[in-house]
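The values are calculated or read from the model by the stated rules, or taken from the named source; none is laboratory data. Everything quoted here is computed from the prediction, not taken from an experiment. In this analysis, Cβ positions are derived from the backbone assuming ideal geometry, glycine residues included, and neighbour counts consider all displayed protein chains.
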Amino acid sequence: MSARFLTPFLAFCPECKQQVTATALFTRAEAKEALTTGAELEVMHATDSDHRWYLDEQERENLRRRIGTGEV
Ligand SMILES: [Zn+2]
């Protein structure tokens with residue numbers, strides 16, 4: 001069984017307004033399900049004050065591709 005949670009990946013943090021290493025607040029199985037159902041996927045940028053947001057359409061596609069290739 002592979003790791004339940006995804007490897008942190010690059011995503012655009014709306015608070016930092018730049019690409020950051022984002023931590024997924026969902027498991028690999030939840031990500032696959034949400035990419036099918038359209039459910040929101042929340043990620044976190046761990047800093048002094050944690051930034052949280054939901055992946056937009058572009059980032060969802062990036063995540064779908066990364067899961068497909070086994071990158072995350
Ligand atoms: Zn941030």
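Only residues that are assigned to a helix (DSSP H, G or I) and within 20 Å of R4 (Cβ to Cβ): list them for the stretch 55-72, please.
Scanning the stretch 55-72 gives R60, L63, R64, R66, I67, G68, T69.
For the stretch 26-53, how many residues are within 14 Å of the ligand (Cβ to nearest atom), modelled with pLDDT of 95 or more and closer than 17 Å to V72 by Cβ? Before the answer, list the steps.
Taking the stretch 26-53 as the starting set, the residues that turn out to be within 14 Å of the ligand (Cβ to nearest atom) are 42-53.
Okay, now just the ones that are also modelled with pLDDT of 95 or more, so 42-45, 51-53.
Adding the requirement that they be closer than 17 Å to V72 by Cβ leaves 42-45.
The total comes to 4.
Per-residue answers, yes or no, for (1) touching a residue at least 60 places away in the same chain (Cβ under 8 Å); (2) crowded, with 16+ Cβ neighbours inside 10 Å; (3) of a type outside the set (S, T, Y); (4) out of contact with any helix residue (DSSP H, G or I) (no Cβ under 9 Å at 6 or more places or on another chain):
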| position | (1), (2), (3), (4) |
| --- | --- |
| L10 | no, no, yes, no |
| T21 | no, no, no, yes |
| K32 | no, no, yes, no |
| H45 | no, yes, yes, yes |
| D56 | no, no, yes, yes |
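Go through (1) free of Cβ contacts under 8 Å to residues at least 12 places away in the same chain; (2) over 17 Å from R4 (Cβ atoms); (3) surrounded by 12 or more Cβ atoms within 10 Å (Cβ to Cβ) and name the single condition G38 misses.
(3)
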